[in-house]
Amino acid sequence: MSTTLVWFRRDLRLTDQPTLHRAAADGDRIIPIYIHAPQEEAPWVPGAASRWWLHHSLAALDAALRQRGSRLIVRMGDSLTVLRDLRRETGATAVYWNRLYEPALIARDTAVKAALRADGAIAESHQAALLIEPWTLRKPDETPYQVFTPFWKACLQKLPPAAPLPAPTLHSPERWPESTPLSALDLLPRIRWDEGLAAAWQPGEAGALAQLERFCATGLTGYAQWRDWPGRDGVSRLSPHLHFGELSPRQIWAATTEATAGAPLDDKGAASFLREIGWREFAHYVLYHWPHTPEQPLQERFAAYPWREEYGELLQVWQRGQTGYSLVDAGMRQLWKTGWLHNRVRMLVASFLIKNCRIPWQDGARWFWDTLVDADLASNTLGWQWTAGCGTDAAPYFRIFNPIRQGAQFDPDGAYVRHWVPELANLPDAFVHQPWLLPSAEQRATDFTPGLSYPTPVVDFAASRAAALAGFERVKNR
């Protein structure tokens, strides 16, 4: 019986785990390993919220493995060096892993595979994070898709996916190699700001499966109707579980199929939800074909946009949720407290930063990267470039979200704002999204003073919108 190293990265689950299933099918002794090498992800080293999630997800994976008579071996250092050390220590003849798609990690994994094969080892990578590999889809002219709808239609020609794989039986080695304590990875914050994250989330495969089951039972059929309402429990909240691979897109497809009697694309809610899974696929597709986009706009002319020159203080006001626009501030406070932000509000706060504050989208992307528990380079990049109007399938550059109208449409009773901006809790519905207009009599009745109880707007919406459009006029024809 041979020994195989199964290299876990962001595939922290046992079910529908192609690499683990492959090793188990061969009857090998399996040594599950995790190598902590954040420097290999530079310049996009995981942020603080992601590190918090990773700590708890690794702990959950180790516990699940131990229930099956196995365990997770944790090491730190250069990935290739650690793999070679573990092969020498264990006599492993093969190393298997599931693919990642960020540019730095593609380069790393390519080099690792070549080196291990040169050493005489079997080195294999497998598909686990996506429904469709990004190099398998092209337009009829053999160029990559830049518009989502035809991309998704092409995907649907290759779907539905195969059924998810069950968790396999694991054969353990006679002797386990040494493992670094999880605490040595220093993933948790030293100043404990993470109470809100712990209250909001259950990292790990069990938490992911429970959340998927809950959503399919209570939220799937109404998803199309309520997905844009941040004050309602209308979205799946599966994004961090997907990012860390505690759940696979095949499992999601299978669960929605079961919940809709075998026809998910015929159900309005399920079809709308699966389309969002398609957007995740598209994000990775775009990053694969245009690896420079985390730092640079895909449409090169937008690099000349005239951003505000001095904006440090304004950026901090946005980050703290003190802009004076209540729906924007509610979103930014939700982000800081829970490490997550409703997608409708993500678009709004991004539009406000880019188009009303005229602060570069890269600054917003970096803040999201550090504060989101679902910080995903592909999705984060696609979302910010979509809002900025400078990427693939971009929203028209002249589309500027109005926080007041967005609030009236998607938070009409102010439930979301009142929860996250308690200073506004007692205001009448008519003024919760524009508190600076509260009449004097209402100010006295509610003990609320604009500018004192809560900030007045840091920018004038109409004037800032005009300035943004003027800037876009300068670059649109370049």
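In table form, for the structure just shown:
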read-out: Breaking point among (1) over 30 Å from N98 (Cβ atoms); (2) in contact with a helix residue (DSSP H, G or I) (Cβ under 9 Å, 6 or more places away or on another chain); (3) outside any helix (DSSP H, G or I), for A261; value: (2)
read-out: Unmet requirement for T260, which otherwise passes all of (1) within 21 Å of F148 (Cα to Cα); (2) among the β-branched types (V, I, T); (3) over 14 Å from the mean Cα position of the chain (by Cα); value: (1)
read-out: Single residue of R75, R71 found to be among the charged types (D, E, K, R), over 27 Å from E195 (Cα atoms) and in contact with a Pro (Cβ under 8 Å, 6 or more places away or on another chain); value: R71
read-out: Subset of the range 195-222 [crowded, with 19+ Cβ neighbours inside 10 Å, over 19 Å from the mean Cα position of the chain (by Cα) and in a helix (DSSP H, G or I)]; value: C216
read-out: Residues of the range 1-39 classified as under 24 Å from E102 (Cβ atoms) and of a type in the set (G, A, S), total; value: 1
read-out: Residue within the range 236-245 that is modelled with pLDDT of 95 or more and among the hydroxyl-bearing types (S, T, Y) present; value: yes
read-out: Residue within the range 273-282 that is modelled with pLDDT of 95 or more, farther than 22 Å from D374 by Cα and surrounded by fewer than 18 Cβ atoms within 10 Å (Cβ to Cβ) present; value: no
read-out: Conditions (1) in the same structural domain as T15 (by TED's automatic domain parsing); (2) in a helix (DSSP H, G or I); (3) touching a residue at least 40 places away in the same chain (Cβ under 8 Å): number failed by W135; value: (1)
read-out: In the range 166-194, residue surrounded by the fewest Cβ atoms within 10 Å (Cβ to Cβ) [restricted to those that are more than 20 Å from the chain's Cα centre (by Cα) and of a type in the set (A, V, I, L, M, F, W, C)]; value: I191
read-out: Enumeration of residues in the range 109-132 that are out of contact with any helix residue (DSSP H, G or I) (no Cβ under 9 Å at 6 or more places or on another chain) and either surrounded by 13 or more Cβ atoms within 10 Å (Cβ to Cβ) or assigned to a helix (DSSP H, G or I) (or both); value: T110, K113, A114, R117, A118
read-out: Of residues in the range 336-389 being of a type in the set (V, I, T) and at pLDDT 95 or above, the one nearest to H292 (Cα to Cα); value: T381
read-out: Failed item in (1) out of contact with any Ser or Thr (no Cβ under 9 Å at 6 or more places or on another chain); (2) in contact (Cβ under 8 Å) with a residue 60 or more places away in the chain, with H284 passing the rest; value: (1)
read-out: Counted residues, the range 301-321 - those being in contact (Cβ under 8 Å) with a residue 40 or more places away in the chain, surrounded by fewer than 17 Cβ atoms within 10 Å (Cβ to Cβ) and not in a helix (DSSP H, G or I); value: 3
read-out: Pairs with Cβ under 6 Å, 6+ apart, first in the range 3-25 and surrounded by 24 or more Cβ atoms within 10 Å (Cβ to Cβ), second charged (D, E, K, R) and modelled with pLDDT under 95; value: T4/D28
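For (1) in the same structural domain as L314 (by TED's automatic domain parsing); (2) closer than 20 Å to W229 by Cβ; (3) surrounded by fewer than 19 Cβ atoms within 10 Å (Cβ to Cβ); (4) out of contact with any Lys or Arg (no Cβ under 7 Å at 6 or more places or on another chain), each residue gets a yes or a no:
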position	(1), (2), (3), (4)
G407	yes, yes, no, yes
G414	yes, yes, no, yes
E423	yes, no, yes, yes
N426	yes, no, yes, yes
P439	yes, no, yes, yes
S453	yes, no, yes, yes
A468	yes, no, no, no
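The values are calculated or read from the model by the stated rules, or taken from the named source; none is laboratory data. Computed from a predicted structure; not experimentally measured. Cβ sites come from the backbone with ideal geometry, for glycine too, and all protein chains shown count toward neighbours.
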